[in-house]
Number of protein chains: 2
Amino acid sequence: MAKIVMKFGGRALASTAQIHEAVQKVVEIKNKGFDVVVVTAAMGSATQNLWHMANELTEDVSKREMDVVLATSAQLSSALLAMALQEAGYQALSLTGWQAGVQTDNVYGHARIDWIDGSHIEEHLAQGAIVVVAGEQGIDDKHNITTFGKGGAETTAVAMAAALDAEEVIIFTNVDGVYTADPHTVEGARKLNEVSYDEMLELAHLGAPIIHPRAVELAKKFQIPVMIRSSVKETTATVLKEEVEMERNLLVRGVAYEADIIRLTVGYDANADVSLAGIFAVLAEHHINVDIIVQAIINQLKPTVSFTILKEQFAEALQVLENSKVSLGFSFADFEIGLAKVSIIGSGMASNPGVAARMFECLCREHIPVKMVSTSEIKVSVVVPQEEMIRAANLLHKEFNLEQPVQI
Amino acid sequence: MAKIVMKFGGRALASTAQIHEAVQKVVEIKNKGFDVVVVTAAMGSATQNLWHMANELTEDVSKREMDVVLATSAQLSSALLAMALQEAGYQALSLTGWQAGVQTDNVYGHARIDWIDGSHIEEHLAQGAIVVVAGEQGIDDKHNITTFGKGGAETTAVAMAAALDAEEVIIFTNVDGVYTADPHTVEGARKLNEVSYDEMLELAHLGAPIIHPRAVELAKKFQIPVMIRSSVKETTATVLKEEVEMERNLLVRGVAYEADIIRLTVGYDANADVSLAGIFAVLAEHHINVDIIVQAIINQLKPTVSFTILKEQFAEALQVLENSKVSLGFSFADFEIGLAKVSIIGSGMASNPGVAARMFECLCREHIPVKMVSTSEIKVSVVVPQEEMIRAANLLHKEFNLEQPVQI
């Protein structure tokens with residue numbers, strides 16, 4: 001029988017009433033004749049509460065133990081949803097990550113799925129049960145419990161779909177699809193019916209908090225269609241897939257932004273015998289995500305490299321740089337806070353080199369300073385002062401006519 | 001290296017401050033050179049909160065799913081305690097029931113341990129770590145999560161000690177040892193330094209809520225000394241062991257009581273071709289614990305059998321009897337609520353038949369009606385009206401001179 005994997009986020013499971021609503025959505029799919037696997041995230045504010053408890057005990061929270069703590073949360077939501085499905089008259093059972101066969105690496109808090117042994121789930125599906133899997137968790141090869149961090153439940157859902165050869169994944173979120181920009185802040189933002197994996201990947205990386213890039217990457221790798229649906233409203237979904245049919249010729253498909261960016265700059269003395277790779281290797285070792293990197297040789301005497309990181313990793317990044325100063329051989333480090341990233345995304349961009357120029361012109365005309373630039377085949381990102389972020393997004397949305405549905 | 005298993009109850013882990021106190025107790029033993037395994041119960045009122053969540057969703061809570069829900073609680077407390085031990089500078093890690101190798105039968109909510117594979121724990125102990133095990137949980141042979149119900153954490157601790165060949169178990173509770181009677185309600189109640197397994201078994205079965213009979217049974221079976229200590233006060237412990245040396249000649253060693261007893265009576269028509277065993281078989285199938293059983297043939301026409309059950313199983317017991325009325329062939333069922341059980345316990349009793357008579361005389365003299373009687377080698381229990389329970393316990397404590405330390 002064809003299988004569908006459904007994922008509910010923490011906000012969609014935060015109360016009894018919401019769990020019952022989730023049940024309605026699940027049984028609707030089950031009643032259409034599909035085998036259904038549901039993936040749950042931690043309920044409501046559970047994760048914050050658990051962190052609070054741990055931080056009360058110690059400032060230096062063990063990553064292994066914190067994963068044991070955090071894993072309880074989706075275990076709870078999965079069992080409660082299974083109960084509610086039974087109450088609705090359906091055969092259902094919950095499985096934790098390890099029961100569902102989710103094997104990961106051993107990076108606590110940010111584990112990645114190595115493989116999923118779906119046989120246990122398949123057995124239960126064959127018996128007609130709806131299987132509810134506790135998302136964002138698994139075990140490593142030594143049977144330690146691991147959790148996946150941000151986007152973990154979505155990633156579980158897509159990986160599950162790949163392992164079980166499911167038709168599609170339905171992700172219920174607090175937004176009702178993918179927009180050309182954030183409709184709360186950008187005037188004329190419009191929902192897209194279809195988005196390609198690549199575009200979504202850029203959108204997700206660039207701060208549209210709809211679906212985590214890890215989940216999109218997996219979906220692309222295994223070519224699994226992902227429907228992004230509202231958990232509160234009955235509206236059409238946005239479908240993620242390989243080829244976007246309707247609007248393929250549009251240059252720019254969306255505008256995204258991300259606040260709380262920090263720029264770090266590291267400088268060297270002239271002719272120092274150093275490798276830039278060293279810095280990024282050390283940062284990667286500490287799981288600090290570096291985004292935009294710009295190398296500048298302003299004059300021959302002081303080569304510098306600048307890069308952006310997220311605010312929440314600032315303290316750790318500084319610490320790492322401080323500790324590595326001698327071994328890496330740089331002479332000074334500086335930082336600039338209060339920055340934001342604004343990006344334009346579109347698969348059509350690759351074949352049209354004028355897009356970036358048009359973006360810079362637009363921002364320049366409006367006196368928005370561009371601090372850093374980063375481009376890829378399908379996006380251009382600029383770093384601007386955070387107070388200009390929303391205005392820049394609105395200007396770019398208008399500049400590329402995104403409020404207008406496309407004529408085919 | 002010699003091993004010690006320590007168990008902390010939910011109240012001893014209810015707050016950050018209490019977790020830090022538990023840490024002090026653990027490191028004190030660790031610093032003496034023992035390998036330490038700690039077993040934790042669910043924190044504070046966590047279990048009630050989880051039941052509340054489940055009951056909000058459904059009246060008919062799935063036992064399997066409830067165990068998945070309940071198991072999160074000791075998983076949380078074990079990881080938090082492990083963190084706090086690390087904060088104190090000790091190597092520590094938490095293990096869930098399945099990680100600790102706890103294999104059980106498949107009776108959800110009341111699972112019994114089949115065996116424990118201690119090899120995983122042994123490995124970590126050998127590396128010098130303090131191992132914190134989430135108590136009252138394991139997995140069945142199909143890898144379903146099971147929980148043990150009342151006394152589960154103590155049972156885990158004793159079973160763990162047996163599997164690991166530990167020197168002793170230390171159980172931290174909110175009382176500071178075993179008393180001749182409840183010191184809150186019985187005047188002159190006195191702490192016992194030693195209690196035999198058999199005596200403790202009766203005390204535990206008879207309502208002294210210090211250590212669960214299942215744990216005592218296991219301790220007796222594997223001859224593991226169990227120290228019962230206060231988690232709040234620094235006082236001498238009561239030691240459970242096979243042979244009690246100090247006070248072995250005392251007739252009665254303690255008085256116990258248990259409120260909220262319900263008497264069910266089932267009656268048959270004369271000459272009905274029925275088996276009494278049938279009723280108890282059916283009740284046992286539904287895991288309803290029957291305590292005192294009295295068969296009475298008041299006249300030849302209406303043979304009856306009465307038995308006591310706990311209040312919390314009343315509704316289910318009535319349901320079971322109702323459903324089995326035809327198949328079991330009884331003609332009526334009746335019940336009496338508002339009863340309590342008061343018991344005297346002592347290993348010396350076996351060889352002294354006058355003890356029961358002295359008990360009845362004492363109660364009769366004070367006009368306390370005895371509704372049912374049950375005796376064993378080392379105890380006599382009577383069922384009395386609940387409003388007379390505390391008075392009866394005080395009278396019996398005095399009658400048998402329990403307030404006086406024994407002369408050797």
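Nothing in this text is a laboratory measurement; each read-out follows from the coordinates by a stated rule. The structure presented is a predicted model; accordingly, all values stated were derived computationally and were not measured. Virtual Cβ from ideal backbone geometry, glycine too; neighbours counted across all protein chains shown.
Across the identical copies, the label point of B:GLY278 (7 Å from Cα in the Cβ direction) is separated from its matches by 8.8 nm, in order from shortest. Each copy carries a label point for A:ASP334 at 7 Å from Cα toward Cβ; from one copy, the others' points are 9.6 nm away, ordered from shortest. Between this copy and the others, label points of A:THR375 are 10.0 nm apart in ascending order, each placed 7 angstrom from Cα in the Cβ direction.
Mind checking the angle between helix A:389-399 and chain A's longest principal axis? C-alpha axes, 0 to 90 degrees, to the nearest 10. That helix lies at roughly 90 degrees to the long axis. Beta bridges assigned by DSSP with both partners in chain B are antiparallel in approximately 60 percent of cases.
Looking at the stretch B:55-155, the GluC sites (Glu not before Pro) that sit in a DSSP loop and have at most 11 other Cβ atoms within 10 Å of their own Cβ are B:GLU59. Normalised by the number of residues in the stretch B:3-173, the mean separation of alpha-carbon contacts (under 8 Å, six or more apart) gives a relative contact order of 30 percent. Other protein chain C-beta atoms within 10 Å of residue C-beta, averaged over B:190-201: 0.
Using 0.36 nm per residue and subtracting the Cα-Cα separation, the extra length available between A:ALA357 and A:ALA2 on full extension is 123.0 nm.
Over chain B, calculate the relative contact order: mean separation of alpha carbon pairs under 8 Å at least 6 apart, over the residue count, as a percent. It rounds to 14 percent for chain B.
Between A:LYS233 and B:ASP114, the simple label model (points 7 Å from Cα in the Cβ direction) yields a spacing of 5.3 nm. Residue and distance for the chain B Cβ closest to the axis that moves B onto A, in whole Å, come to B:THR72, 2. Per-residue shielding of B:86-99, expressed as the average number of other chain Cβ atoms within 10 Å of the residue Cβ, stands at 4. Using every pair of separate Cα atoms, the Kirkwood estimate puts the hydrodynamic radius of chain A at 22.8 angstrom. Positive end of the dipole of the stretch B:134-216 (Cβ unit charges, origin at the Cα centre): among B:PRO183, B:PRO213, B:THR146, the Cα lying farthest that way belongs to B:THR146.
Sorting check: for B:327-335, A:261-269, which peptide has the highest mean count of neighbouring beta carbons within 10 Å, and how do the rest follow?
Order by mean packing, descending: A:261-269, B:327-335.
Stokes-Einstein diffusion of the stretch B:84-243 at 10 °C, 1.306 mPa s viscosity, Kirkwood radius from Cα pairs, rounded to a whole number: 96 µm²/s.
The convex hull built on the alpha-carbon positions of the protein assembly as shown has an orientation-averaged projected area of 41.9 nm². Could you tell me which residue out of B:PHE335, B:GLY278, B:SER347 lies farthest along the dipole of the stretch B:255-399 toward its positive end? Charges go on the beta carbon: Lys and Arg +1, Asp and Glu -1, centred on the Cα centre. Checking the options against the dipole of the stretch B:255-399, the answer is B:SER347. Peptide B:62-75 has a mean of 6 when you count, residue by residue, the C-beta atoms of other protein chains within 10 Å of its C-beta. Largest first, the extents of the alpha carbon coordinates of the stretch A:3-61 on the three principal axes equal 50, 23, 10 Å. The antiparallel fraction among DSSP beta bridges confined to the stretch B:3-173 stands at about 25%.
The angle separating the long axis of helix B:314-328 from the principal Cα axis of greatest extent in chain B is about 50 degrees.
Straight-distance candidates among the aspartates and glutamates for linking to B:LYS241, with alpha-carbon spacing under 19 Å and chain neighbours fewer than 8 residues away dropped: B:GLU154, B:ASP165, B:GLU167, B:GLU168, B:ASP176, B:GLU194, B:ASP198, B:GLU199, B:GLU202, B:GLU217, B:GLU377.
Across the stretch A:155-172, computed HN-Hα scalar couplings (Karplus, 6.51 cos²θ - 1.76 cosθ + 1.60, θ = phi - 60°) run 5, 4, 4, 5, 5, 4, 4, 5, 5, 9, 6, 7, 5, 6, 10, 10, 10, 9 Hz from first to last residue, x flagging Gly and Pro.
Here the stretch B:3-173 is treated as a sphere whose radius is the Kirkwood value from Cα pairs; by Stokes-Einstein at 20 °C and 1.002 mPa s it diffuses with a coefficient of 136 µm²/s. Pairs exceeding a 32 Å alpha-carbon distance, out of A:LYS7/B:LYS150; A:LYS7/A:LYS311; A:LYS30/B:LYS63; A:LYS63/A:LYS371; A:LYS220/A:LYS302; A:LYS25/A:LYS311: A:LYS7/B:LYS150; A:LYS63/A:LYS371; A:LYS220/A:LYS302; A:LYS25/A:LYS311. Residue-normalised convex hull volume from the C-alpha trace of the stretch B:135-210: 119 Å³ per residue.
Only four residue types carry charge here, +1 at the Cβ of Lys and Arg and -1 at the Cβ of Asp and Glu. Report the dipole size of the stretch A:255-399 about the Cα centre in Debye, rounded to the nearest 20. The calculation lands at about 400 debye. If only the Cβ of Lys and Arg carry +1 and only the Cβ of Asp and Glu carry -1, the dipole of chain B around its Cα centre is close to 600 debye. Considering the stretch A:255-399 at the alpha-carbon level, its Rg and Dmax are found to be 16.4, 48 Å. Counting only DSSP beta bridges with both residues in the protein assembly as shown, the antiparallel share comes to about 60 percent. Taking Cα atoms, how many degrees apart are the long axis of helix A:16-31 and the longest axis of chain A, rounded to 10 and kept between 0 and 90? Approximately 70 degrees, to the nearest 10. Highest mean first, the peptides A:93-99, A:282-288, A:155-161 sorted by other C-beta atoms within 10 Å per residue fall in the order A:155-161, A:93-99, A:282-288.
Seen from all directions on average, the stretch A:88-136 presents a Cα convex hull projection of 3.7 nm².
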